[in-house]
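Throughout, read-outs are computed from the coordinates displayed, never taken from laboratory work. Nothing here was measured: the structure is a model prediction, and the numbers come from that model. Please note: Cβ atoms are built from the backbone with ideal geometry, for glycine as well, and neighbour counts cover all protein chains shown.
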Amino acid sequence: MTERRRGRVRRGVIVLAGLLAMSVPVRSEPVQVFADYTVSLAGVPVGYLNFATEIDGRDYRLEGKLQPSIFAGLFASIKGGADVSGRIADATFRAAVFSVAYSTGKKDQRIEIEFDDGNVTATRHKPAKRPKKGDWVPLKPADLRSVLDPMSGLMIPSGAKLCPRSLPIFDGDTRATLHLKPAGRRPFRTNGFSGDVVVCSIRFEPVAGYRKSSSAIAYLRKLKDMEVWFAENAAGGFHAPVYVHVQTEVGQVRVYATRFGN
């Protein structure tokens with residue numbers, strides 16, 4: 001596989017991982033919720049995602065891990081972990097601190113973002129990013145206001161609208177908007193859940209923090225068949241993704257829940 005195609009697959013996997021975050025309503029007692037996912041490419045399992053969410057009153061913390069499978073080297077091997085904490089306000093999960101550390105091949109990277117009521121106040125990269133030149137679309141102050149982190153961006157309490165809606169996501173590099181539209185309902189079964197789920201189509205819109213000539217961005221922008229399926233945890237009182245798919249040039253990337261519940 002060429003490096004260009006690897007880049008498209010990696011960005012697709014990162015986008016999918018950013019879609020898979022658990023959500024729960026405010027409780028008087030601490031609540032823990034867990035979810036496990038398998039990531040496959042062209043039908044071959046290439047990675048495993050594990051999420052653990054803890055909520056104490058209005059405070060929440062979400063931890064996620066991504067581990068490659070034994071087949072990951074055939075495609076795009078990514079491993080790492082992420083952590084986000086914040087407070088629940090106005091039926092929204094507002095991150096205070098988000099951090100992610102991951103490796104692709106021999107490259108290790110870490111990104112930390114600080115928020116204040118949805119506005120980005122600081123972003124740190126390790127190693128430090130070099131200044132961008134050429135056709136880079138720079139981030140403006142307005143691009144970093146009222147945004148969501150890529151982990152808790154889809155934390156949606158029961159009763160809130162799932163789709164249509166637009167989600168302004170900032171991952172430390174790119175500011176993009178995910179536009180969700182209704183696409184029906186379907187049955188879904190996994191460990192801890194069995195029932196109908198809400199299906200939303202996804203349209204990816206880059207806003208800033210990317211190269212205009214990026215083939216990966218151009219590919220995601222023109223895709224029209226991306227979907228996310230939301231399931232409800234009745235006991236916890238929340239909706240969260242249990243299935244996501246994105247078509248790439250080397251096959252369909254699928255992320256599906258193998259466990260969804262406490």
Quiz item: Mind listing which chymotrypsin sites (Phe, Trp or Tyr not before Pro) in region 108-198 are in a DSSP loop and have 12 or fewer other Cβ atoms within 10 Å?
Solution: none
Quiz item: Å³ per residue of the Cα convex hull, for the chain?
Solution: 119
Quiz item: Who wins for biggest fluctuation among Ala95, Ala183, Ala231 in a Gaussian network model of the chain, springs between alpha carbons below 10 Å?
Solution: Ala183
Quiz item: Which residues make up the longest stretch of the chain clear of trypsin sites (Lys or Arg not before Pro) that lie in a DSSP loop with no more than 10 other Cβ atoms within 10 Å, not counting the sites?
Solution: 1-105
Exercise. Anything over 19 Å Cα to Cα? Flag those among Lys65/Lys181; Lys65/Lys107; Lys181/Lys222; Lys181/Lys212; Lys79/Lys106, in the order listed.
Key: Lys65/Lys181; Lys181/Lys212
Practice problem: Calculate I(q)/I(0) for region 121-262 by the Debye formula, one identical point scatterer on each C-alpha and no solvent, and give its log10 at q = 0.20 Å⁻¹ to two decimals. | Solution: -1.27
Quiz item: Pick from Ile217, Ile156, Ile169: which is most flexible by mean-square fluctuation in a GNM of the chain where alpha carbon atoms under 10 Å apart are linked?
Solution: Ile217
Exercise. Would you compute, from DSSP H runs of 4+ residues alone, the mean residue ellipticity of the chain at 222 nm, taking -39500 (n - 2.57) per run and dividing by the full residue count, rounded to the nearest 500?
Key: -3000 deg cm²/dmol
